[in-house]
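Data block below; observations after.
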């Protein structure tokens with residue numbers, strides 16, 4: 001595979017945006033359809049409805065695709081400069097100033113919206129726990145306490161993990177530069193196992209629950225795979241062919257999904273349960289790592305050929321373009337979709353079947369509201385997150401934040417049917 005390092009930074013890597021959009025839509029469908037569990041009709045249509053419910057019940061695994069993409073994007077700046085033999089140290093202070101300017105204001109606005117709706121609907125009782133809960137959310141530490149992890153918004157725990165993984169990025173970068181990726185991945189995997197047994201020991205000795213799937217250490221390995229993927233894209237590391245084999249990646253995703261279905265019915269504190277849990281998230285991470293590698297190669301090959309696509313290619317290109325459009329405002333969709341779904345009772349049509357409401361009204365409403373939120377609450381801070389000097393130097397459009405979305409040349413919609 002040819003390196004992407006010689007491409008000018010004049011556009012977005014549409015394949016990554018498309019994956020981000022697919023992951024976001026998967027999570028939205030998971031939450032939107034889950035409220036129709038008791039709406040299965042007692043006729044022939046019960047089977048299509050059950051099938052849709054079953055398929056969308058796996059939409060939550062888009063979270064682990066997000067973790068891989070996040071590692072890809074955050075490590076992009078270092079990989080790009082390293083490939084150009086212009087490696088510059090990433091300064092802790094400037095890195096976090098950009099992260100806070102980029103992510104925190106939209107988060108605060110979404111958080112305020114949730115609190116406002118809670119005050120208008122059920123009211124707010126200002127207790128000691130309420131103050132503690134709000135403070136934990138503002139500090140992005142709410143995923144560390146089972147009482148606050150899902151308290152205000154059931155999806156905000158993943159954002160807390162992201163912030164903590166950003167903090168761990170400097171350790172990851174040190175390990176990678178000092179000992180290479182083999183040792184680094186081993187340490188990341190050890191952190192996952194260590195947290196699992198640490199939480200179990202705390203529970204046995206004190207009876208205090210420590211969140212496990214919601215901990216950053218548990219997903220550090222998956223996040224690191226994304227960082228390897230961007231280095232492979234720039235030719236800094238050479239991956240074996242099986243790292244872009246879609247059959248192998250798909251098998252890993254299916255196996256992890258099967259484990260997730262079987263795990264609740266497996267007796268806890270047994271070897272099968274422990275092994276299943278330890279393998280489940282890394283298998284999802286590996287499957288999506290393969291997918292990211294493959295789509296980046298596909299886009300690079302198309303850009304190198306610049307050939308006019310046929311009818312099927314144009315259809316694929318439009319589908320990728322639509323997903324990439326959603327990917328651009330996927331952070332806003334992540335922040336606001338739960339609010340729209342929670343309030344959907346006020347604008348759905350009661351005469352329609354719940355599944356029709358979910359697909360025809362609720363999901364489009366979440367996308368429309370997320371776009372408005374992006375336009376007025378997120379986009380201004382994407383512009384501010386990139387210093388004017390860098391925007392001029394790299395000719396980055398004002399709304400784009402360099403580390404959030406990979407910047408490569410993009411002249412036409414990407415072909416995704418690369419063999």
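The values are calculated or read from the model by the stated rules, or taken from the named source; none is laboratory data. For clarity, every value in this text was computed on a predicted model and none was experimentally measured. Every residue, glycine as well, gets a Cβ built from its backbone with ideal geometry; the counts of neighbours run over all protein chains shown.
Data table
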quantity: So residue 230, is it part of a loop (DSSP other than H, G, I, E, B) and in contact (Cβ under 8 Å) with a residue 24 or more places away in the chain; calculated: no
quantity: Of residues in segment 74-101 being closer than 30 Å to residue 154 by Cβ and surrounded by fewer than 21 Cβ atoms within 10 Å (Cβ to Cβ), the one farthest from the chain's Cα centre (by Cα); calculated: 97
quantity: Residue within segment 361-375 that is at pLDDT 50 or above, part of a helix (DSSP H, G or I), over 21 Å from the mean Cα position of the chain (by Cα) and exposed (fewer than 15 other Cβ atoms within 10 Å of the Cβ) present; calculated: no
quantity: Selection count, segment 315-337, where residues are assigned to a helix (DSSP H, G or I) and either buried (at least 19 other Cβ atoms within 10 Å of the Cβ) or touching a strand residue (DSSP E or B) at 6+ places or on another chain (Cβ under 8 Å) (or both); calculated: 15
quantity: Filtered residues of segment 140-160 (kept if touching a helix residue (DSSP H, G or I) at 6+ places or on another chain (Cβ under 6 Å), part of a helix (DSSP H, G or I) and in contact (Cβ under 8 Å) with a residue 60 or more places away in the chain); calculated: 143, 158
quantity: Segment 184-193, residues that are without any contact (Cβ under 8 Å) to a residue 24 or more places away in the chain and either touching a helix residue (DSSP H, G or I) at 6+ places or on another chain (Cβ under 7 Å) or not in a helix (DSSP H, G or I) (or both); calculated: 187
quantity: Candidates 76, 103, 65 - the one that is closer than 22 Å to residue 214 by Cβ, modelled with pLDDT under 95 and in contact with a helix residue (DSSP H, G or I) (Cβ under 8 Å, 6 or more places away or on another chain); calculated: 103
quantity: Within segment 15-36, tally of residues that are outside any loop (DSSP other than H, G, I, E, B) and either on the phi > 0 side of the Ramachandran plot or at pLDDT below 90 (or both); calculated: 1
quantity: Pairs with Cβ under 6 Å, 6+ apart, first in segment 340-354 and farther than 25 Å from residue 373 by Cβ, second surrounded by 11 or more Cβ atoms within 10 Å (Cβ to Cβ); calculated: 354/36; 354/39
quantity: Residue in segment 3-12 that is surrounded by fewer than 21 Cβ atoms within 10 Å (Cβ to Cβ) and either at pLDDT 90 or above or closer than 23 Å to residue 319 by Cβ (or both) present; calculated: yes
quantity: Matching option when the condition is more than 30 Å from residue 114 (Cβ to Cβ), at pLDDT 85 or above and in contact with a helix residue (DSSP H, G or I) (Cβ under 7 Å, 6 or more places away or on another chain), among 320, 326; calculated: 320
quantity: Subset of segment 261-276 that is part of a loop (DSSP other than H, G, I, E, B) and farther than 23 Å from residue 57 by Cα - its residue that is modelled with the highest pLDDT; calculated: 270
quantity: Positions within segment 187-233 being crowded, with 21+ Cβ neighbours inside 10 Å and farther than 22 Å from residue 163 by Cα, in sequence order; calculated: 232, 233
quantity: Subset tally (residues that are part of a loop (DSSP other than H, G, I, E, B) and either surrounded by 20 or more Cβ atoms within 10 Å (Cβ to Cβ) or under 22 Å from the mean Cα position of the chain (by Cα) (or both)) for segment 234-244; calculated: 1
quantity: Per-region count, segment 340-356, residues surrounded by 19 or more Cβ atoms within 10 Å (Cβ to Cβ) and modelled with pLDDT of 90 or more; calculated: 2
